[in-house]
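Heads up: the structure comes next, in structure tokens.
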Amino acid sequence: MRVYDWIAHHAGRTPAKPAAVDLASGRRFCWAELDDRVGRLAAGLARRHGVGRGDRVAVLAHNSTDVFELQFACWRLGAVFVPLNWRLAPAELAPVLALADPRVLLHGPEFAEIAGGCGLPAAAVIAMADGADSPYERLVAGAHGSAHMPADLALDDTATILFTSGTTGRPKGVIVTHGMTFWNTVNLGLPSEVDRHSVHLNSLPLFHTAGLNAYGNVVFHAGGTNVVMRQFDPARMLEHLQDKGLGLTHAYTVPSGWQFMVQDGGFAEADFGRLRIAGTGGSPCARSLLETWADKGVPLQQGYGMTETSPTVMLIDVDQAVRKLGSAGLPALHTEVRLVDRDGRVIDAPDKVGEIEVRGPNVTPGYWRASDATAAAFRDGWLRTGDAARRDPEGYYFIVDRWKDMFISGGENVYPAEVENVLYRMPGIAEAAVIGVPDERWGEVGLALLVPTQGAALDAAAVQAFCRANLAGYKVPRHVRLRGPLPRTATGKVLKHVLRAEETG
């Protein structure tokens, strides 16, 4: 099956309808304007920089409509879009760039020094400036004609390479095909009620699958409007969600983002108007957080996915979000899900914890130039996710934790997310993370690392007493430590491997 051009289609059907809004620069583009810029950019990259089928085009920039333009320009050429994590240090970016081997690198003004030192020829480094005069804007303005998507571009062809956020400390380049991106628009778009009237707020970084695909590309595919924030900021996001002029219907961020908004002083009086779908995923969501948003009339639509699945694997329907509070929902329409034990045996019984494995057209064919990592990621054609879950008698899945974050205390499995879920219900705790640490008697015990809310006085004994009242004894953290903000990825995931290294060496 060939790949079709979403932008050209909507430009022909609804040329004057808003397609993209860039909040930082104030720029707004209708579908005809977006189509024109994408075509000119693609033509300029091809004629001035020799970008063609299969070439990688990298970008190092904060969120803007330019990043989406570049993605679609790459696809028109049959080139591969490679958004880079701007939070990485130059030493961390170097091996990523070497692996991606891009023909050109585009960058935002904040990253000029890093881009200039990346080893590419100066002519292959193109500066962007959020609509201001720059090599990027001159490339778009100076291009003659327009590029058109190759007629033989197929769903199995590579569209994007996304480098994982590195919660393990070892980023890999996930191959994302055009088919994966298309099937995600179906898998996520239908249960999330995305249509041409949808207006979505993009707040997560566009180098991440959630930033691009939950619900960014889904909304572009449907012919809706994407409103792009430069970076996530809880106070600003609260303002935007209430802005009647923007008319937002959809918003997505990770659990920590929704939590930070709750902790903002403006949350209590906030009114979320037209907002229909508030999505979340990326890590387990505390039940207390789900209850808080539900009480505001905004049930968070939890889902589960990963970069390797483009990302949607399962999703809770909005009308079930409260009844099945805490569930990641049911498998997506075009995805198969199963649970297996540590020996790879399929678990059919309800409420038994196992590792999630996934199969379907939304699953990656593997990692870029990493055959060993690709082979290790699959078992009999099923992607091994490394995440633990249970399935209730109605078939709804509940994410328990990362499989590798589980620790064994006195012969009992302890899933840190379950303990963190309880900790977030205790007043005075702004952030919580639990890890297993060595113990001579029990093998491992829990260490709770807590960030107090401003002015709160937390006591270890009180924390343990609160946990003891809500958890089995072996799950209660043996150690409690107060600290500053937890180390997180750009999308808000806690870097457990960093915490383990800090605490256990």
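In region 484-501, which residues are touching a strand residue (DSSP E or B) at 6+ places or on another chain (Cβ under 9 Å) and loosely packed, with under 14 Cβ neighbours inside 10 Å? Passing the criteria: G484, P485.
What's the number of the condition G26 fails, among (1) out of contact with any Leu (no Cβ under 9 Å at 6 or more places or on another chain); (2) in contact (Cβ under 8 Å) with a residue 12 or more places away in the chain; (3) within 27 Å of G245 (Cα to Cα)? The single condition G26 does not satisfy is (2).
Say whether the condition of being surrounded by fewer than 16 Cβ atoms within 10 Å (Cβ to Cβ), more than 16 Å from D401 (Cβ to Cβ) and among the β-branched types (V, I, T) is met by at least one residue in region 442-450. No; the residues of region 442-450 include none that is surrounded by fewer than 16 Cβ atoms within 10 Å (Cβ to Cβ), more than 16 Å from D401 (Cβ to Cβ) and among the β-branched types (V, I, T).
Find the residue count for region 361-380, including only residues that are surrounded by fewer than 21 Cβ atoms within 10 Å (Cβ to Cβ) and under 18 Å from W183 (Cα atoms).
From region 361-380, those surrounded by fewer than 21 Cβ atoms within 10 Å (Cβ to Cβ) are 361, 365-366, 369-380; that's our starting set.
When the remaining residues are screened for being under 18 Å from W183 (Cα atoms), the result is 361, 365-366.
Result for region 361-380: 3.
Taking the criterion of being of a type outside the set (A, V, I, L, M), more than 33 Å from the chain's Cα centre (by Cα) and within 26 Å of Q263 (Cα to Cα), the only residue of region 465-480 that qualifies is R468. Modelled with pLDDT under 90 and buried (at least 23 other Cβ atoms within 10 Å of the Cβ), is that true of P284? Taking the combined requirement at face value, the residue satisfies it. Under 20 Å from P205 (Cβ atoms) and either modelled with pLDDT of 95 or more or within 24 Å of the chain's Cα centre (by Cα) (or both), is that true of A124? It is false that A124 is under 20 Å from P205 (Cβ atoms) and either modelled with pLDDT of 95 or more or within 24 Å of the chain's Cα centre (by Cα) (or both). Counting the residues of region 376-391 that are under 22 Å from the mean Cα position of the chain (by Cα) and of a type in the set (D, E) gives 1. Looking only at region 250-263, decide whether some residue is within 30 Å of P452 (Cβ to Cβ) and over 19 Å from the mean Cα position of the chain (by Cα). Checked against the condition, which is being within 30 Å of P452 (Cβ to Cβ) and over 19 Å from the mean Cα position of the chain (by Cα), region 250-263 yields at least one hit.
The requirement of being closer than 27 Å to A373 by Cα, among the β-branched types (V, I, T) and either modelled with pLDDT under 95 or touching a strand residue (DSSP E or B) at 6+ places or on another chain (Cβ under 8 Å) (or both) is satisfied by V400. For region 1-42, a tally of residues being touching a strand residue (DSSP E or B) at 6+ places or on another chain (Cβ under 8 Å), surrounded by 21 or more Cβ atoms within 10 Å (Cβ to Cβ) and of a type in the set (K, R) returns 1.
Identify the residue in region 71-93 that is touching a Leu at 6+ places or on another chain (Cβ under 6 Å) and farther than 18 Å from G116 by Cβ and, among all such residues, is surrounded by the most Cβ atoms within 10 Å (Cβ to Cβ). For region 71-93, the residue satisfying everything is A73.
The values are calculated or read from the model by the stated rules, or taken from the named source; none is laboratory data. Bear in mind the structure is a predicted one, so any value in this text is a computation, not a measurement. Every residue, glycine as well, gets a Cβ built from its backbone with ideal geometry; the counts of neighbours run over all protein chains shown.
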